[in-house]
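The values are calculated or read from the model by the stated rules, or taken from the named source; none is laboratory data. Here the structure is a predicted model, which is why all the values come from computation and not from measurement. Heads up, the Cβs are rebuilt from the backbone with ideal geometry, glycines too, and the neighbour counts pull from every protein chain shown. The area values use the complete protein model at the heavy-atom level, side chains included, leaving out ligands, DNA and RNA. Shrake-Rupley method; radii C 1.70, N 1.55, O 1.52, S 1.80 Å.
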Amino acid sequence: MTEEKNRKTIVIGHKNPDTDSICSAVCYARLKSELTGKEYVPGRAGHINEETQFVLKYFGVEAPELIDNVKTQVRDIDIRKTKGADKNISLKRAWNLMQDANVVTLPVANSSDVLEGLITVGDITKSYMNVYDSSILSKAKTQYSNIIETLEGHLVVGDETAYFDEGKVLIAAANPDMMEYYIAPHDLVILGNRYESQLCAIEMEADCIIVCEGAAVSMTIRKLAQERGCTVITTPYDTYTAARLINQSMPVSHFMKTENLITFEDGDYIDDIKEVMASKRHRDFPILDKDGKYLGMISRRNLLGAKGKQIVLVDHNERNQAVDGIENADILEIIDHHKLGTVETIAPVFFRNQPLGCTATIIYQMYNEANVLRDRTTAGLLCSAIISDTLLFRSPTCTETDRTAALALAGEAGIDDINRYAAEMFAAGSNLKSKTDDEIFYQDFKRFNSGKTTFGVGQISSLNEDELAELRDRLLPYLQKAHKEHGVDMMFFMLTNILKESTTLLYEGNGAESLLARAFRLEKSDRSGSGFVELPGVVSRKKQLIPAIMIACEE
């Protein structure tokens, strides 16, 4: 049977996540878990910057798990939890298990759930149709318990855990005088209720006798069998039926496939395994975990209704900013404060987008609307996100709603002096001396589209004017490299001075300088021609830079 999975939902922000992206994911996952009782977990789509690390450490919160992509994996779909069978079970038992589970392939696993082989309906059919010699039962090392189960028999003398592993199987149809010529030591003899035949078989050193039609076994025969080490089994079946059924008692280990098994791991991507499954004639394939332990079975039919990972997007709704594989995901909700982007969904979703300075402000409102109390940690994370995104209320994106929310959250989080806390937070984020150009450039980087024009914009905010000047000289040549690597039309980088509320904007790409001149009405004297321009009063990428560039692109 296919087991319905208790699916978790990942709450995740954009690539190159900032403090709002991370804190909003953590806090919204908590809110949704509280409201629904289901599993919502925060994730991150990139490296956490120093500012965010400071916030998480300050409030004692672990960083969300890094998620490289959200492509559909085997673990995301319903797999058939067919229990692994023991390799010693009989063919008949294996057949019955298949019928009960309505499957054509039975996995064979040991007590530690390590897959040992596969037995199929076809393998069992071949075992019935193929002509084997009379010693096949012993060659297969058949346990007496299997013979008893298959023949619905009763053990009279012997040990059911012992194995029939020598000799042949024969039917004692002749009189005792003739039997002496064809019974050899260690044979298994199927016979009737004739005392003389039973006695002869034991004296000829047979390892086992099977007495048919439920006939009683005398005390003399029992005693002699015990003395000679001969196993005695009775069965209600007649001799013909017993002889026909006994091959079904052989263990599956003798017929199962053990080499070149095609298995998949639960972490494999559905797109990768589809081709393999289509190229093979097998109907079912075993699924293993990363340690090689057997988990269940999968068939092509499982892939038909495969559902992607359940995702909630926070702080973005642009496809090119989303985690890789978003087109395969089942997006349930989007909580954002940016312009409408290009994320497409298969089904209608809950979409909340407000013209506020920070996604965390929206989540603060949602806690209030749901009457869910925030603990100190949650309040601290939301407050920190608002401080970060609004540059402590200096950004033009900041609204009175953001400010009110941040001050209320500061009180809940025990932040006595929000200005001092913000200074410490910004200082942690602008400590860039030990970082490489690559780390600085991608600390907060996003791609955008405007018609046929594509461009990337990175941003660093700092309290230190000298540090920003040094970064300008470092990043100008790096911008050329990044421009080529991304294959965009233009590349920009904002060096934002929080105290002066201004930005030095680096640019690269054909037409970038003239585009900025149109966007910000720059005079020739404002353009240095050396790859950067000064933009007094510009601190917000979202509200000031991107809209101006897009309008200029349209012009």
Which whole-number percent is the relative contact order of the stretch 18-109 (Cα, under 8 Å, 6+ apart)? 22 percent
Regarding the stretch 226-341, what are the three Cα extents along the principal axes, ordered largest first, in Å? 90, 31, 26
Percent antiparallel among DSSP beta bridges confined to the chain, rounded to 5, stands at 50 percent
Carbon + sulfur, % of accessible area of the stretch 1-87 - ligands and nucleic acids excluded, 1.4 Å: 44 percent
Relative contact order (percent) for the stretch 424-555, with alpha-carbon contacts under 8 angstrom and 6 or more residues of separation? 21 percent
Please report, in whole Å, how far the alpha carbons of the chain spread along each principal axis, starting with the longest. 123, 49, 43
Whole-Hz couplings from phi, Karplus 6.51/-1.76/1.60, listed for the stretch 133-149; x for Gly and Pro: 6, 6, 9, 4, 5, 6, 4, 7, 6, 8, 7, 4, 4, 5, 5, 4, 5
Could you look at the stretch 389-534 and say what percent of its accessible area is carbon and sulfur, using a 1.4 Å probe and all protein chains? 45 percent
Pop out the ³J(HN,Hα) list for the stretch 102-119 in order, Karplus 6.51 cos²θ - 1.76 cosθ + 1.60 with θ = phi - 60°, rounded to Hz; leave Gly and Pro as x. 6, 10, 10, 10, 10, x, 10, 9, 8, 5, 9, 6, 8, 5, 10, x, 10, 10
Which log10 I(q)/I(0) values, to two decimals, does the stretch 158-250 give at q = 0.15, 0.22, 0.23 Å⁻¹ under the Debye formula with one point per Cα? -0.49, -1.15, -1.28
Percent of C-alpha pairs per 10 Å bin, the stretch 58-142, short to long: 13, 32, 23, 13, 10, 6, 2, 1
Residue by residue through the stretch 445-455, which ³J(HN,Hα) values in whole Hz follow from phi under the Karplus form 6.51 cos²θ - 1.76 cosθ + 1.60 (θ = phi - 60°), with glycine and proline marked x? 10, 9, 9, 9, 10, 9, x, 8, 8, 10, 8
Check the straight Cα-Cα distances from Lys446 and name the lysines below 27 Å, setting aside those fewer than 8 residues away within the same chain. Lys15, Lys57, Lys71, Lys309, Lys339, Lys433, Lys435, Lys481, Lys484, Lys500, Lys542, Lys543
Given the options Asn49, Leu106, Tyr128, identify the residue whose Cα lies farthest towards the positive end of the charge dipole of the stretch 1-148 (+1 on Cβ of Lys, Arg; -1 on Cβ of Asp, Glu). Tyr128
When only alpha-carbon atoms are used, what values of Rg and Dmax, in angstrom, describe the stretch 326-395? 14.1, 39
For the stretch 140-186 versus the stretch 413-483, the gap between their alpha-carbon centres in whole angstrom: 82 Å
Tally up the carbon and sulfur contribution to the accessible surface of the stretch 278-366 as a whole percent, 1.4 Å probe, everything protein left in place. 50 percent
How much accessible area per residue does the chain have, counting only protein heavy atoms and a probe of 1.4 Å, in square angstrom? 47 Å²
Would you work out the relative contact order for the chain, in percent, from Cα pairs under 8 angstrom that are 6 or more residues apart? 15 percent
